[in-house]
Amino acid sequence: MKKILQILILSLCFMLPSQADDIRDFQIEGMSIGDSLLNFMSEKEIKKIKKFDYKGKYKGIVLKEKKSSNYDDVQLVYKSNDDKYTIHYIAGRIFYVNNIDDCLIKRKEIEKEISKVFPSASIKRYEKEKHAYDKSGKSLVWHTTFKLKDGGNATIDCMDWSKKIEKNIGDKLMVGIESNEFRKFANNEAYR
């Protein structure tokens, strides 16, 4: 696992120009906010992938990554009615089944590296909060947000899901970026 973290941190350092202030400069597996999914796959391939729906406004997909990837998979979100499939959210995910302690260690290490990349971002940390998705209150999230000048966010999350939900979702570390538009939707509508 240490090797994965080293690769992840190195890839963040090389993929992102230092002193970046634009969310579009932040890439995960070569993709960023504002890119079209059509630059990475055909529309036919996109249509074949199972989708999850965000209240009819956005659609999400998960791409299983190859062994050479830094992540176990990548989650992407685009507007439901967008025929260009413009990316509004992207997150690389590493699964930590029943291992939240290792996830939290990785989160802190990645947080230090992203702080160097976005030195002018305001940072908010939430420690061991109840996740809004789980109405039982048993699922927890440790969350760091880097609020960027353009209104977008870079985020790092460790999620420790309740046993009931974990079977379907899985405990994980997520390193993500989101457009200002999707951030507002996620904060105000997605889980209500």
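Just so you know, all these numbers are worked out from the coordinates, no wet-lab data involved. Only a predicted model underlies this, so the values are computations on that prediction, with no experimental measurement involved.
Quick look at the numbers
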| quantity | calculated |
| --- | --- |
| Contour minus Cα-Cα distance for Lys57 and Val97 (0.36 nm per residue) | 11.3 nm |
| Length released on extending from Ser162 to Glu189, taking residue separation times 0.36 nm less the Cα-Cα span | 7.4 nm |
